[in-house]
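Structure record follows, encoded as structure tokens.
The values are calculated or read from the model by the stated rules, or taken from the named source; none is laboratory data. Quantities reported herein were computed from a predicted structural model and do not represent experimental measurements. Glycine also receives a Cβ, built like all others from the backbone with ideal geometry; neighbour counts cover every protein chain displayed.
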Amino acid sequence: MSKPLADRIALVTGASRGIGAALALELAKAGAHVIAVARTVGGLEELDDKIMAADGSATLVPLDLKDSEGIARLALAINERFGKLDVMVGNAGVAGASSPLGHIEPKDWDNVLAVNVTANWQLIRTMDPLLQRSDAGRVVFMTSGTAHNTRAYRGVYAMSKAALEAIARTYANETTATKIRVNLFSPGPTRTKMRAYVMPGEDPMTLPTPEEVAREIVPLCLPNFTDTGKMYDFRNKALLSFRAPA
Ligand code: NAP
């Protein structure tokens, strides 16, 4: 069976569990060598076992994405070992507190901003030269409907995803003349640890699994996916466009 990502290098952040782990496995099954980033070594090792069982290959990178210098060191290491990056998925995220804006602790605000926003900008900053060296660099960032349909008490998370969307669309507009394509993926409620934390009363069995979601992210990572600056809405199975700049 042909593997659409054979010989391609794919970086996935937040690959120790949830959507990121499921996506890393799917990309490896599609032939990519996966660079799996997260803090939890046990989760990364579990992923590695699954990837090896599927005859795939991965490099595990235990890293706190708040460590900007660590991200820069990772880019240097990818450059030395592979000389390019074909796929980059900025999936890692934290939910932050569910509190009125006036009650959010500054430490929590800073943490959500650092992981959900600044780390993804640092990834662009350090990985762009490697993505430029790919014949079809594909970048996907994980967003949330909360960026648009903001609810009470979820302000810090909503702020972070709105900022991430602005960064992603800016990068898409900055790379239109290159071989890089940048898109957003909005999974909607998914059966993960993050969702259980935010909605503890919800029956997780009513939600799609990370595996179901991950399978629909893969097409955005393929060389033949040529759209850029779009958002794929998993729940509505729709590729949404946003107004192009004048
Ligand atoms: P999850 O199960 O909580 O997984 C989050 C991942 O992010 C973990 O692998 C975690 O790894 C990693 N991460 C968190 N902080 C990190 C840090 N400082 N450094 C490195 N890695 C870090 O969440 P999920 O539900 O799969 O969410 C994945 C993405 O989808 C997120 O961007 C989320 O906002 C988005 N999303 C999820 C839902 C949903 O319903 N689940 C809905 C809309 C959008 P470690 O803890 O091991 O570091």
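Restricting 12, 34 to those that are within 11 Å of the ligand (Cβ to nearest atom) and either under 16 Å from residue 216 (Cα atoms) or surrounded by 20 or more Cβ atoms within 10 Å (Cβ to Cβ) (or both) reduces the list to 12. Here residue 135 meets the list (1) acidic (Asp, Glu); (2) under 15 Å from the mean Cα position of the chain (by Cα); (3) in a loop (DSSP other than H, G, I, E, B) almost entirely, failing just condition (2). Filtering region 129-146 to residues that are surrounded by 22 or more Cβ atoms within 10 Å (Cβ to Cβ), of a type in the set (Val, Ile, Thr) and within 13 Å of the ligand (Cβ to nearest atom) leaves 140, 143. Restricting 196, 172 to residues that are over 20 Å from residue 148 (Cβ atoms) and of a type in the set (A, V, I, L, M, F, W, C) narrows the list to 196.
Matching residues to (1) at pLDDT below 95; (2) over 15 Å from the mean Cα position of the chain (by Cα); (3) farther than 29 Å from residue 2 by Cβ; (4) away from the ligand (no atom under 12 Å from the Cβ):
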residue	(1), (2), (3), (4)
68	no, yes, yes, no
73	no, yes, yes, yes
87	no, no, no, yes
115	no, no, yes, no
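If you scan region 37-47, which residues turn out to be crowded, with 24+ Cβ neighbours inside 10 Å and small (Gly, Ala, Ser)? Answer for region 37-47, where residues must be crowded, with 24+ Cβ neighbours inside 10 Å and small (Gly, Ala, Ser): just 38.
When region 203-221 is limited to residues that are in contact with a strand residue (DSSP E or B) (Cβ under 9 Å, 6 or more places away or on another chain) and either within 11 Å of the ligand (Cβ to nearest atom) or modelled with pLDDT under 95 (or both), the one that is nearest to residue 131 (Cα to Cα) turns out to be 217. Taking the stated definitions as given, is residue 119 in a helix (DSSP H, G or I), small (Gly, Ala, Ser) and either closer than 12 Å to residue 164 by Cα or in contact (Cβ under 8 Å) with a residue 40 or more places away in the chain (or both)? For residue 119, the condition - in a helix (DSSP H, G or I), small (Gly, Ala, Ser) and either closer than 12 Å to residue 164 by Cα or in contact (Cβ under 8 Å) with a residue 40 or more places away in the chain (or both) - is met. Residue count for region 147-192, restricted to those that are under 16 Å from the mean Cα position of the chain (by Cα), assigned to a helix (DSSP H, G or I) and within 16 Å of the ligand (Cβ to nearest atom): 11. Screening residue 196 against (1) surrounded by 19 or more Cβ atoms within 10 Å (Cβ to Cβ); (2) under 27 Å from residue 97 (Cα atoms) leaves a single unmet condition, (1). In region 62-77, the qualifying residues are those that are touching a residue at least 12 places away in the same chain (Cβ under 8 Å) and out of contact with any helix residue (DSSP H, G or I) (no Cβ under 6 Å at 6 or more places or on another chain), and the one that is surrounded by the fewest Cβ atoms within 10 Å (Cβ to Cβ) is 64.
Against the criterion of being touching a helix residue (DSSP H, G or I) at 6+ places or on another chain (Cβ under 7 Å) and surrounded by fewer than 18 Cβ atoms within 10 Å (Cβ to Cβ), residue 50 qualifies. Can residue 43 be described as within 9 Å of the ligand (Cβ to nearest atom) and of a type outside the set (Lys, Arg)? Yes.
Of the residues 170, 228, only one is in contact with a helix residue (DSSP H, G or I) (Cβ under 8 Å, 6 or more places away or on another chain) and surrounded by 13 or more Cβ atoms within 10 Å (Cβ to Cβ); which? 228 is the lone residue from the list that is in contact with a helix residue (DSSP H, G or I) (Cβ under 8 Å, 6 or more places away or on another chain) and surrounded by 13 or more Cβ atoms within 10 Å (Cβ to Cβ).
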